[in-house]
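Here the structure comes first, spelled out in structure tokens, and everything after it is commentary.
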Amino acid sequence: MADQSFDYDVLVIGAGPGGYVAAIRAAQLGLKTACAESRETLGGTCLNVGCIPSKAMLHASEYFDAAKNGSLAKMGIKVTPELDLDAMHGQRRDAVKQLTGGIEFLFKKNKVTWLKGQASFTDSHTVSVGGQSVTAKNIVIATGSSVTPLPGVEVDQKVVVDSTGALELAQVPEHLVVIGGGVIGLELGSVWRRLGSRVTVVEYLDQILPGFDGEVRKEANKIFKKQGMEYRLGTKVTGVTVQGGKASVAVEPAKGGEGETLQADAVLVSIGRRPNTDGLGLDAIGLQVNQRGQIEVDHDFRTSVPGVWAIGDCVPGLMLAHKAEDEGIAVAENIAGQHGIVNHDVIPSVVYTLPEIAGVGLTEEAAKQKGEIKVGKFPMLANSRAKTNHEPDGFVKVIADAKTDRVLGVWAIASVAGTMIAQAAQAMEFGATSEDIAYTCHAHPTHSEAIKEAAMSVRGKAIHV
């Protein structure tokens, strides 16, 4: 039963991966729970316009590319594909519909009340949602993030698009300019490259994939270049003008120099994301955001205002759906008086290109700054399953402490690196040494044997290289 002085024990603002998981877990723990969401469907950015629909397009475009550019022919399958972009968009929308509907079913099953509308604080225990006032003993802010705008560049979702618009392009652009060489730009850029676009990535830094291991960044650059991706690295965009359904993108070297203009049929702005806190009425409860617009929380996800908690993209840390989900479970357990913990040192990151790129823990650069390390590497070219699948690109890298042998980081470029990295994360969660991974029997032939061999290589004992 809810505290009689409140409508709910827990009110979650936002139904993205963090919010809906927090609401379901709170309800499972016997707390009377509601979740406020302004979208017409549950699931937030991730399910509606982010992780899920982008993976549907990535998967479909991989098949098209394999059929069109000879990968299938290598295996004795000769086809002449025809692109039906409407049908490809249709299967994407169907995946979204099924998964968002699934969350609505889980809300009903767990007796979570969905309050439809934008939520705004009146005081620390009261919010206004869709014109009604609702009270709760605990309020969890899980409002997620939105696309960071590029000053002076207007997104019209027709010619100049953000990640949402890039999923909805009605035809394949002849030339797509991607502003930002991070995860989103590379994933969506690769979708349209496979479907026939010429793709140019403009990145302010001198290398793609900020935050990833340096060796991985360089190798990924080479692989995507081989696939036909063009780059303008160390380059800034100074303006975008649209005329007659085309765009002119003015660029110049980041460190100064002569500029040039790129002509494009579509421009994708993907320079990052920022926390969603506007319109929440945080000033009404005396809650300040930090310089990056994030809500600061303690180890248990409490804010500085008693009874108000926060998780996911609107708090410091990696802006990743699975990080938000883990925080959603933890915050619900903490509210219920249990001990919910998230180990932020072991949060995997994945880029769902082909091959996939994944990492968990420290980069080699960061690990070296902390002390002496040993590094083991194994190329996918020498992995028997990658060989039979015609997937030679990439490698696995295990970084371990030189004295204790404890694994500090694992990085991989492989067709299924996103799945492989779970093993590394679990090993690190248990404090594994490279020897622990090396002496664990791995099924043959699998891509995951590359992790075992890389771990063996830390001590100079790799067999197949």
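The values are calculated or read from the model by the stated rules, or taken from the named source; none is laboratory data. Only a predicted model underlies this, so the values are computations on that prediction, with no experimental measurement involved. Positions of Cβ are generated from backbone atoms using ideal geometry, with glycine treated the same way; all protein chains shown enter the neighbour counts. Only protein heavy atoms, including side chains, enter the accessible area calculation; ligands, DNA and RNA are left aside. Shrake-Rupley method; radii C 1.70, N 1.55, O 1.52, S 1.80 Å.
Remarks
- Between the range 186-215 and the range 259-310, the alpha-carbon center distance in angstrom: 24 Å
- Local net charge near K236, Cβ-Cβ under 15 Å (Lys/Arg +1, Asp/Glu -1): -3
- Counting charges near K377 (Lys, Arg +1; Asp, Glu -1) among other residues having Cβ under 12 Å from its Cβ returns a value of -3.
- Summing Lys and Arg as +1 and Asp and Glu as -1 over all other residues whose Cβ lies under 15 Å from the Cβ of E435 gives a net charge of +2.
- Sparse packing (at most 14 other Cβ atoms within 10 Å of the Cβ) combined with a DSSP loop state is found for the following trypsin sites (Lys or Arg not before Pro) in the range 96-189: K111, K158.
- Computed over the range 249-353: relative contact order in percent, which uses C-alpha pairs under 8 Å that are six or more apart: 15 percent
- Cα centroid of the range 166-183 to Cα centroid of the range 61-77, whole Å: 22 Å
- Accessible heavy-atom area order of C441, C314, highest first, probe of 1.4 Å: C441, C314
- Qualifying trypsin sites (Lys or Arg not before Pro) for the range 346-455 [loop in DSSP, other Cβ within 10 Å: at most 11]: K403
- Per-residue [θ]222 nm for the chain (sum of -39500 (n - 2.57) over DSSP H runs n ≥ 4, rounded to 500): -9500 deg cm²/dmol
- Charged-residue dipole, Cβ positions (Lys, Arg, Asp, Glu), the chain about Cα centre, Debye nearest 20: 960 debye
- For the pair E429 and T122, a Förster radius of 35 Å applied to the C-beta separation gives a FRET efficiency near 0.30, rounded to the nearest 0.05.
- Taking the three principal axes of the alpha carbon atoms in the chain, the coordinate ranges are 67, 62, 48 Å, sorted in descending order.
- Inter-centroid distance (Cα atoms) of the range 409-447 relative to the range 317-376, Å: 15 Å
- Links that overshoot a 31 Å alpha carbon limit, given the list K323/K374; K236/K370; K97/K236; K97/K452: K236/K370; K97/K236; K97/K452
- Per atom type, the chain shows carbon and sulfur on 51% of its accessible surface, probed at 1.4 Å.
- Only protein heavy atoms count here; on that basis, with a 1.4 Å probe, Y204 has an accessible area of about 130 Å².
- Accessible surface calculations at 1.4 Å, restricted to protein heavy atoms, place the chain at 46 Å² per residue.
- DSSP-loop GluC sites (Glu not before Pro) across the range 123-214, with at most 16 other Cβ within 10 angstrom: E154, E168, E174
- Label-reachable residues, the range 21-57, where backbone N falls under 15 Å from a point 7 Å from K108's Cα toward its Cβ: 42
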